[in-house]
1. For segment 18-38, what are the residues that are crowded, with 17+ Cβ neighbours inside 10 Å and not in a helix (DSSP H, G or I)?
2. Kindly indicate whether residue 95 is in the same structural domain as residue 119 (by TED's automatic domain parsing) and under 13 Å from the mean Cα position of the chain (by Cα).
3. Somewhere in segment 52-70, is a residue out of contact with any strand residue (DSSP E or B) (no Cβ under 7 Å at 6 or more places or on another chain), outside the structural domain of residue 16 (by TED's automatic domain parsing) and within 15 Å of residue 7 (Cα to Cα)?
């Protein structure tokens, strides 16, 4: 059975603000099989951890890398690529997912920083 984990559960784990819930999530991440994290969770995690808990960007990248490294957790190809883009730019995760999603086509955007991501092809020249 596939297990979908949401932002709230991951926030509990990474902040340990509610230890009983953090322990449950820790056990799931350690022992659970076939865990999936939807794309939307990553920008939500960024917003909550940076703005509510004051995590530095470097720590957020470490969290993303940890989640991507787990053999029992699956992420979409776009999120896997977005994590790499996140590590190489100052873009927020939502923009990194947009950039990653555009890599097989072109990107219709006026965001200069987004259009400078390696291998992103602007729709408008």
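1. 35, 37
2. Here the answer is yes, as residue 95 does meet what is asked.
3. So the first thing to find is which residues in segment 52-70 are out of contact with any strand residue (DSSP E or B) (no Cβ under 7 Å at 6 or more places or on another chain), and the list is 52-66, 68-70.
From the residues that got through so far, the ones that are outside the structural domain of residue 16 (by TED's automatic domain parsing) too are none.
The answer is no, given that none of the residues of segment 52-70 is out of contact with any strand residue (DSSP E or B) (no Cβ under 7 Å at 6 or more places or on another chain), outside the structural domain of residue 16 (by TED's automatic domain parsing) and within 15 Å of residue 7 (Cα to Cα).
The values are calculated or read from the model by the stated rules, or taken from the named source; none is laboratory data. Because the structure is predicted, anything quoted here is derived from the model rather than measured. Cβ: placed from backbone, ideal geometry, glycine included. Neighbour counts: every protein chain shown.
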